[in-house]
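Q: Sharing a structure below in structure tokens format, with a few things to ask.
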Amino acid sequence: MKRIYAIGGGEIKNKETIELDAYLVDKAKEHAGSKRPYALFIPTASHDFMPYYNSFHKIYTGVFNVKTDVALTVYHDYGLEKIKNKFLKSDIIYVGGGNTLFMIDSWKKTGILDLITDAYNREVIICGLSAGAICWFEDIYTDSLENDNKKDAPYSMAKGLGWIKGVVSPHYDERAIDFDQIVLNNYKEAIGIENNSMLEIIDGKITRSISSNNKNAYKIINNNGKLSKEII
């Protein structure tokens, strides 16, 4: 069973996603069996920002007693074989937030995408937040596009990896007005994932959403120019 868990947003360091993290840890423990679960954090989207990993470590090790490690590929010298061993040991891979398009491009250049793909095919649990949640979809609503000044542009549509069919926005509770208009003008349906909510995707199909703090993921349907929404 191949699994992806997509978290719409939230600050892990402030324990905003702690209920979702607890759920993911339970899945990692199931995968690990009798051994201590091993979680690999991938901070490519944040340009290998180590305080981000430190926050992840404090929660997953400090709270849940999961062994953590990090895959650094942006500004650090690394051997792909060494990183490959980290992937081979993993029960769960957690992809952090940041610049989605930079992350995808970097993964392709460094070979990390091949390692993630292999892990997914071996049924290692894949999860991620914000950029790490939407990158798997066909069409993504992101602020990762850069203007001439190399600064983040306003949110707009871009292409993701295409592992999962559909159109998706993270931080939907913050971006609903703008994203709804894009859906109204361009798509028959889409998905909006609010902060502190998570999609469960099994074998490429969205099965349900998992909520915390009264946040949800929504299926947004365009009915001939009129939108309707339902909780997934």
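Rule-based calculations on the coordinates, nothing more; no lab input. As the structure is a prediction and not an experimental result, all values here were calculated from the model. Please note: Cβ atoms are built from the backbone with ideal geometry, for glycine as well, and neighbour counts cover all protein chains shown.
Q: At 0.36 nm per residue, and after removing the present C-alpha to C-alpha distance, how many nm does the segment from ALA22 to GLU230 gain when stretched out fully?
A: 72.3 nm
Q: Please tell me the relative contact order of the stretch 1-159 in percent, rounded to the nearest whole number, where contacts are Cα pairs under 8 Å and at least six residues apart.
A: Reported as a whole number, the value is 29 percent.
Q: Beyond 29 Å, what share of the Cα-Cα pairs of the chain remains, rounded to the nearest whole percent?
A: Across the chain, Cα pairs with separations above 29 Å total 23 percent.
Q: For the chain, take the longest principal axis of its alpha carbons; what is the angle in degrees between that and the long axis of helix 172-186, to the nearest 10 within 0 to 90?
A: Taking the Cα atoms of the chain, the angle to 172-186 is about 50 degrees.
Q: Could you give the length gained by full extension between LYS188 and ILE202, i.e. 0.36 nm per residue of separation minus their alpha carbon distance, to one decimal place?
A: That pair, LYS188 and ILE202, stretches by 2.8 nm at full extension.
Q: Let me ask something additional. Only Lys, Arg, Asp and Glu count, each charged at its Cβ (+1, +1, -1, -1), so figure out the dipole size of the stretch 65-132 about its Cα centre, rounded to 20 debye.
A: 80
Q: Note down the Stokes-Einstein diffusion coefficient of the stretch 1-59 in µm²/s, whole number, using a Kirkwood radius over alpha carbon pairs, 25 °C, and 0.890 mPa s.
A: 192
Q: Remind me, relative contact order of the stretch 19-72 in percent, using alpha carbon pairs under 8 angstrom and six or more residues apart?
A: 41
Q: What is the magnitude of the charge dipole of the chain about its Cα centre, with +1 placed on the Cβ of each Lys and Arg, -1 on the Cβ of each Asp and Glu, and no other charges, expressed in debye to the nearest 20?
A: Charge dipole of the chain: 620 debye, to the nearest 20.
Q: I'd like the per residue volume of the convex hull spanned by the Cα atoms of the stretch 50-100, given in cubic angstrom.
A: About 93 Å³ per residue, rounded to a whole number.
Q: To the nearest 20 debye, what charge dipole does the stretch 129-231 have about its Cα centre, counting +1 at the Cβ of each Lys and Arg and -1 at the Cβ of each Asp and Glu?
A: 280
Q: How many Lys pairs in the stretch 49-158 lie less than 30 angstrom apart by Cα atoms, where the lysines are 8 or more positions apart or on different chains?
A: 24
Q: Does anything in the stretch 90-107 have its amide N under 17 Å from the 7 Å Cα→Cβ label point of LYS13, and if so which residues?
A: The answer is 96-99, whose backbone nitrogens lie closer than 17 Å to the label point.
Q: Would you kindly state the longest site-free stretch of the chain, with sites defined as trypsin sites (Lys or Arg not before Pro) in a DSSP loop (not H, G, I, E, B) surrounded by at most 11 other Cβ atoms within 10 Å?
A: 36-121
Q: Oh, and also: If each Cα of the stretch 6-135 is one equal point scatterer, what is log10 of I(q)/I(0) from the Debye formula at q = 0.11, 0.14, 0.20 Å⁻¹?
A: -0.33, -0.54, -1.19
Q: Restricting the count to DSSP beta bridges whose residues both fall in the chain, what percent are antiparallel, rounded to a multiple of 5?
A: The antiparallel fraction comes to roughly 55 percent.
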